[in-house]
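The values are calculated or read from the model by the stated rules, or taken from the named source; none is laboratory data. This one's a predicted model, so the numbers in the text were calculated from it and none came from an experiment. FYI the Cβ positions are ideal-geometry reconstructions off the backbone, even for glycines, and counts take in every protein chain you see.
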Amino acid sequence: MKTLTAIVLIASVALVAACGESKQDKAKKTVCNARSDIQDQVKKLQGMTLSSATTNDVKDSLNAIRDDLKKISGAQGDLSDARKAEVQKANQQFSSSFQEIAGSLGSSLSISQARTQLADALKKLGTAYQQAFAGVDCS
């Protein structure tokens with residue numbers, strides 16, 4: 001009876017251990033969560049107007065996107081080769097656009113120019129997100 005109990009206990013422990021998340025699954029989850037947060041931040045930024053947006057609101061969203069890009073970059077190494085290449089390409093493409101767009105904000109001289117610049121930059125950011133991450137499957 002003790003032997004049977006021991007076998008059942010060992011089998012149960014092995015089964016529970018097998019149910020744990022693999023590195024690849026954790027990396028996919030990290031990438032997908034970061035991708036989703038980037039999308040949320042882009043939508044939040046696009047919903048802002050010059051009169052409703054504060055400098056801190058914009059900075060917070062841009063910093064959140066920057067952090068998400070770092071999370072994606074850090075998780076890439078644990079993805080399968082095909083998925084890694086897909087995520088790497090999307091992350092590099094969006095990172096490049098993001099840096100260019102974020103760097104252009106605040107360089108205008110008048111309020112009118114700032115309003116136009118903000119609207120253009122946020123539209124470009126949304127387009128850049130769609131182009132870069134549309135092919136990254138998180139289902």
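Does ALA75 fit the bill of being out of contact with any helix residue (DSSP H, G or I) (no Cβ under 8 Å at 6 or more places or on another chain) and either aromatic (Phe, Trp, Tyr) or closer than 18 Å to LYS23 by Cβ (or both)?
Judged against the criteria, ALA75 is not a match.
Each residue in region 1-45 was checked for being modelled with pLDDT under 90 and part of a helix (DSSP H, G or I), and 18 pass. Taking the criterion of being surrounded by 16 or more Cβ atoms within 10 Å (Cβ to Cβ) and not in a helix (DSSP H, G or I), the residues of region 46-58 that qualify are MET48, ALA53.
Of the residues making up region 59-86, those that are at pLDDT 90 or above, in a helix (DSSP H, G or I) and either touching a Gly at 6+ places or on another chain (Cβ under 6 Å) or among the small types (Gly, Ala, Ser) (or both) number 7.
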